[in-house]
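> What follows is a structure written as structure tokens; I'll ask about it next.
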Amino acid sequence: MARPRTFDRDDALDVAMRLFWEKGYDQTSIADLTAAIGISPPSLYAAFGDKRRLFEEAADRYDRTEGFTTAALEEPTTRAAVARLLGDAAVEYTRRGQPRGCMVLAEPHLGAHRAASRRALTARIERGVAEGELPPDTDVEGLVSYVVVVLSGLSARARDGASRAELAASAEVALAAWPGPPG
């Protein structure tokens, strides 16, 4: 008869998510994970399969619990959506009690997550062009790349210790380059 698990799987995922967020996939060992979660390696393997599967579950959990892109892109205008995205990044990347910056932007192994976010941002900007918020000759891919670069920079600066106010000021400067009249 199998013994019941002696840990909460959701709590373990939260711990693993934060560890991967702080250290990255490659720098996080099984020993780090088992010590932080408080379980043995066999229990970790029984619950999650292997380190890679645990990482993928932790990344999905990050998207569900820490992600703010979807809500921002639901703003009524494209400019408001990007303003909220950049503003929320300044807040979320510096929130107390969590690792700084963005796990998805910082982690090389999360390219599929970055691509999904990029597709959502592209769709929102294309909608802005179609609805006449942005000029018809808008370089959508260039604008998407610009926003992604700004978000990546905000994340990197947060990891380097930048304050929320510094990130918010950078977001405001970046938004000043938005095509069309200010919001």
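Values quoted throughout were computed directly from the atomic coordinates according to the rules given, and no laboratory measurement underlies them. Note that the coordinates shown come from a computational prediction; the quantities given were computed from them, not determined experimentally. Please note: Cβ atoms are built from the backbone with ideal geometry, for glycine as well, and neighbour counts cover all protein chains shown.
> What number of residues within the range 131-149 are free of Cβ contacts under 8 Å to residues at least 40 places away in the same chain and under 16 Å from Ala83 (Cβ atoms)?
So the count comes out to 4.
> In addition: Tell me whether the range 28-45 contains one or more residues that are under 21 Å from His113 (Cα atoms), β-branched (Val, Ile, Thr) and surrounded by fewer than 14 Cβ atoms within 10 Å (Cβ to Cβ). So that I can check it myself, show each step before the final result.
First, pick out the residues of the range 28-45 that are under 21 Å from His113 (Cα atoms): 28.
Those left that are additionally β-branched (Val, Ile, Thr): 28.
Checking which are surrounded by fewer than 14 Cβ atoms within 10 Å (Cβ to Cβ) leaves us with none.
So far as the range 28-45 goes, no, none of its residues is under 21 Å from His113 (Cα atoms), β-branched (Val, Ile, Thr) and surrounded by fewer than 14 Cβ atoms within 10 Å (Cβ to Cβ).
> Another question about this same structure. Does the range 120-141 include one or more residues that are loosely packed, with under 15 Cβ neighbours inside 10 Å and touching a Gly at 6+ places or on another chain (Cβ under 8 Å)?
yes
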